[in-house]
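Reviewing the structure listed below.
The values are calculated or read from the model by the stated rules, or taken from the named source; none is laboratory data. Note that the structure is predicted; figures quoted are calculated from it, not measured. Glycine gets a Cβ as well: all are built from the backbone with ideal geometry, and neighbour counts include every protein chain shown. Side chains are part of the model used for accessible areas, which takes the heavy atoms of the whole protein and leaves out ligands, DNA and RNA. Shrake-Rupley method; radii C 1.70, N 1.55, O 1.52, S 1.80 Å.
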Amino acid sequence: MEDYQIVDLYWSRSENAIAQTEQKYGRMLTSISVSLVPTVQDAEECVSDTYLAAWNSMPDERPVYLGAYLSKIVRRLSINKYRSSHTAKRGGVGELVEELTDCIPSDYSLETEYDNQRLAEALNRFLLSLDEQKRYIFIRRYYYSDAVIDIARQIRASEGKVKTVLFRVRSALRKFLEEEGFAI
Amino acid sequence: MRADKIRAAELLFDAIGNIDDRIIQEAQTAPTRKPVEKRKSFTAIIALAATLTLIASVFAATLIAKIVDSLNSAPDEGHLEDYGNASVETNASLSQTLLDAESSAIVIVEENDIDFFDGKTKIVWKQSGESDYRMVTLRSQADAAKLGKELKNQKQQIAPEDTESPECEVWITFGDGTVISPYLKTSAGNIGYAELFEYSPEIEPDADLTDLINDLISD
């Protein structure tokens with residue numbers, strides 16, 4: 001079923017909307033959540049909450065890219081779940097955040113008020129300046145939270161090549177943020 | 001300080017969750033090469049092959065002409081023996097230099113045997129496809145300083161983006177956990193920590209660096 005048809009189901013308050021969403025996007029949503037939260041049970045809970053959030057937000061919203069819309073919800077819920085949990089987990093949000101410290105300019109200051117939306121817009125510009133493969137690798141790693149080895153399989157490249165691209169893109173992002181005047 | 005940096009990275013991680021839906025949607029499928037690029041590559045390969053054939057033909061013709069000239073001007077047998085020993089001087093690449101290296105200073109190790117924190121600078125290399133590494137520990141701090149200086153002086157000849165990995169991968173470990181490869185531009189993103197990372201070459205190590213490394217690993 002096409003995205004707009006599923007959205008129509010939400011708008012008509014048909015319970016089939018959630019079944020169709022689960023069939024089309026359930027695996028992707030679970031995959032995102034599993035890589036971020038401490039347990040599979042937590043991931044299942046986040047995915048269920050995502051369906052509920054979608055049900056509550058449509059109408060009024062009419063997302064064009066339903067997969068992206070749902071993935072944002074599940075990612076946010078999973079990050080919140082991770083942070084509220086006191087269970088230490090190897091990998092997950094912690095590992096990705098650790099990698100992203102490479103992008104933080106050395107003279108950053110936390111006293112500067114941080115504008116999340118402005119930073120997201122800068123990230124859009126940065127990502128669109130990359131070639132498609134580099135953008136794909138970065139997004140798969142830091143948005144979808146894929147393991148490096150999985151990204152390598154998806155693009156039929158070596159794990160080393162993916163790591164090298166990530167190194168370079170993080171380095172370029174750090175420089176970009178400095179040039180854009182972000183004191184993160 | 002470290003906690004602040006982690007906090008800043010968390011904010012960045014959160015902001016990645018607000019990027020444009022189209023970018024997120026695009027990444028749901030792996031990129032594929034466009035057919036036009038394949039055609040371009042194919043054309044480039046044909047052009048390269050034709051150029052190489054032409055160069056080889058010219059080189060062969062020149063060589064034959066020189067040999068014929070020499071035979072005509074130097075008929076004695078003793079002199080002719082020298083022709084067999086003549087060699088064309090070429091600048092060997094760092095990769096090839098290391099593959100050819102023979103020295104009692106070279107030890108064969110596994111990655112687990114390499115101490116990244118012993119304060120000693122080491123040159124480590126591995127032939128593609130092999131599991132063992134070859135390693136030379138620099139004898140003095142002066143040698144380490146010389147190598148560090150030369151790495152900074154590199155002329156940074158940019159390798160084409162689609163350059164294949166060299167036959168031999170090379171890393172310099174500085175004994176404080178940091179690891180770099182002379183095939184990558186030295187930048188924050190290209191410095192590894194306590195591991196021999198894989199890489200695709202960005203630059204070609206220049207002749208001065210190649211010569212220095214050759215000296216450092218020799219007896």
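So what does the Cα-only Debye profile of region A:1-99 read at q = 0.11, 0.16, 0.23 Å⁻¹, as log10 I(q)/I(0), no solvent term? Result of the Debye calculation: -0.33, -0.64, -1.09. Solvent-accessible area of residue B:32, all protein chains in place: 110 Å² (probe radius 1.4 Å, heavy atoms, ligands and nucleic acids excluded).
Provide a whole-number value for the mean count of partner chain Cβ atoms within 10 Å of the Cβ atoms in peptide A:159-170. Intermediate results must be reported in sequence, preceding the final value.
Numbers: counts 2, 6, 4, 1, 6, 10, 1, 1, 9, 8, 1, 2.
Whole-number average of other-chain Cβ neighbours for A:159-170 is 4.
Just want to confirm a number: the relative contact order over region A:5-51, from Cα pairs under 8 angstrom separated by 6+ residues, in percent.
Details: 23 pairs, mean separation 13.1, N = 47.
With pairs under 8 Å counted, the relative contact order is 28 percent.
Exposure check, 1.4 Å probe, all protein chains in place: residue A:158 carries approximately 60 Å² of accessible surface. Over 21 Å between C-alpha atoms is what I'm after, so list which of A:163/B:126; A:161/B:126; A:163/B:152; B:146/B:185; A:175/B:149; A:134/B:185 land there. In this structure, A:163/B:152; A:175/B:149 exceed 21 Å between Cα atoms.
Percent of Cα-Cα pairs more than 20 Å apart in region A:93-179, please. Could you put the intermediate results ahead of the total?
Details: 1293 of 3741 pairs.
Percentage above 20 Å: 35.
Here region A:3-85 exposes an accessible surface that is 50 percent carbon and sulfur, computed with a 1.4 Å probe and the other protein chains kept in place. The slack between residue B:128 and residue B:115, meaning 0.36 nm per residue of separation minus the straight C-alpha distance, is 2.5 nm.
Stretching the chain fully between residue B:107 and residue B:57 yields a gain of 13.7 nm (0.36 nm per residue, less the alpha carbon separation).
In region A:93-179, Cα pairs under 8 Å separated by at least six residues give a relative contact order of 42 percent.
Close amide H contacts of residue B:168 (hydrogens built in the peptide plane, cut-off under 5 Å, sequence separation of 5 or more or a different chain): B:128. Restriction of the trypsin sites (Lys or Arg not before Pro) in region A:1-57 to DSSP coil positions whose beta-carbon has at most 15 other beta-carbons within 10 angstrom yields A:13. Rounded to the nearest whole Hz, the Karplus-based 3J(HN,Hα) values (6.51 cos²θ - 1.76 cosθ + 1.60, θ = phi - 60°) of region A:68-74 follow the sequence 5, 4, 5, 5, 5, 5, 5, with x at glycine and proline. At the residue level, residue A:28 shows approximately 40 square angstrom of accessible surface with a 1.4 angstrom probe and all protein chains present. Extension gain, residue A:64 to residue A:28: 0.36 nm times the residue separation minus the Cα-Cα distance gives 11.2 nm.
Working with all protein chains in place, sort A:11, A:55 by solvent-accessible area computed with a 1.4 Å probe, largest first. Don't skip to the answer; put the middle values down first.
Details: A:11 95, A:55 50 Å².
The ranking, largest first, comes out as A:11, A:55.
If one computes the Cα centroid of region A:120-184 and of region A:28-63, what distance in Å separates the two points? Going from one Cα centre to the other spans 24 Å. Figure note: B:4, B:215 ranked by solvent-accessible area, largest first, 1.4 Å probe, ligands and nucleic acids not counted: B:215, B:4. Ordered from highest to lowest accessible area with the whole protein assembly present and a 1.4 Å probe, A:175, B:122 read as A:175, B:122.
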